[in-house]
1. Taking the conditions exactly as written (assigned by TED's automatic domain parsing to the domain that holds Leu147 and either among the aromatic types (Phe, Trp, Tyr) or free of Cβ contacts under 8 Å to residues at least 24 places away in the same chain (or both)), does Ser40 satisfy them or not?
2. Report the residue count in the stretch 110-135 for those that are in a strand (DSSP E or B), of a type in the set (A, V, I, L, M) and crowded, with 20+ Cβ neighbours inside 10 Å.
3. Given (1) loosely packed, with under 10 Cβ neighbours inside 10 Å; (2) not assigned by TED's automatic domain parsing to the domain that holds Leu103, identify the lone condition not met by Pro87.
4. If we only count helices (runs of 4 or more DSSP H) wholly inside the stretch 38-106, which ones have 3 or more residues that are under 30 Å from Ala139 (Cβ atoms)?
Amino acid sequence: MRLNDLQPSAGSRKRGRRVGRGIAAGQGASCGFGMRGQKSRSGRPTRPGFEGGQTPLYRRLPKLKGFQLINHKEFTVVNLSALAELPAKSEVTMDSLLAAGILTQDDGPLKILGNGDLKVALTVKAAAFTAGAKAKIEAAGGTCEVLAGRPKWTRAAAAAATK
């Protein structure tokens with residue numbers, strides 16, 4: 001097979017419509033575009049995305065930063081590197097971390113992240129763990145306890161509770 005032998009399959013190429021060749025041809029005079037108006041003129045009638053003067057979709061959508069999650073959960077996050085300073089066999093909760101000075105304020109349910117290494121066995125009670133954090137805590141001889149019924153916490157609810 002050579003390049004000069006290549007040709008499309010039979011029936012795959014349809015000949016273009018010849019418009020403006022008289023009324024007997026079927027698409028004479030106005031060429032199927034109607035009598036008058038914006039869409040009958042030469043050139044592209046409207047630009048892509050034009051919605052007839054209505055604010056187009058690309059301007060209605062938020063610019064930058066993506067969409068905000070409606071039910072976004074906010075966690076107080078702590079890395080394993082911060083827990084490495086705690087004494088062995090101690091229980092880690094939100095209250096104990098506040099008392100130890102590792103956390104300065106309660107910003108929602110506690111979540112443990114896996115950044116850092118842990119050498120001591122700890123009993124950690126939190127609302128959520130990353131997979132890496134859970135593996136490192138259990139490898140050091142500690143236990144992970146997920147608190148039941150992760151509370152729905154929002155900044156507005158916390159502000160209302162403190163008043």
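1. Values: assigned by TED's automatic domain parsing to the domain that holds Leu147: no; either among the aromatic types (Phe, Trp, Tyr) or free of Cβ contacts under 8 Å to residues at least 24 places away in the same chain (or both): yes.
Criteria not met by Ser40.
2. Kept after step one, since they are in a strand (DSSP E or B), are these residues of the stretch 110-135: 110-113, 123-126, 128-129.
This time we only want the ones that are of a type in the set (A, V, I, L, M), so: 110, 112-113, 124, 126, 128.
Filter again for crowded, with 20+ Cβ neighbours inside 10 Å, leaving 110, 112, 124, 126.
Number satisfying all stated conditions: 4.
3. (2)
4. Working: elements: 57-60, 80-83, 94-100.
Result: 80-83, 94-100.
The values are calculated or read from the model by the stated rules, or taken from the named source; none is laboratory data. All of these numbers come straight from a predicted model, not from anything done at the bench. Methodologically, a virtual Cβ is constructed for each residue, glycine included, from the backbone with ideal geometry; neighbour enumeration extends over all protein chains shown.
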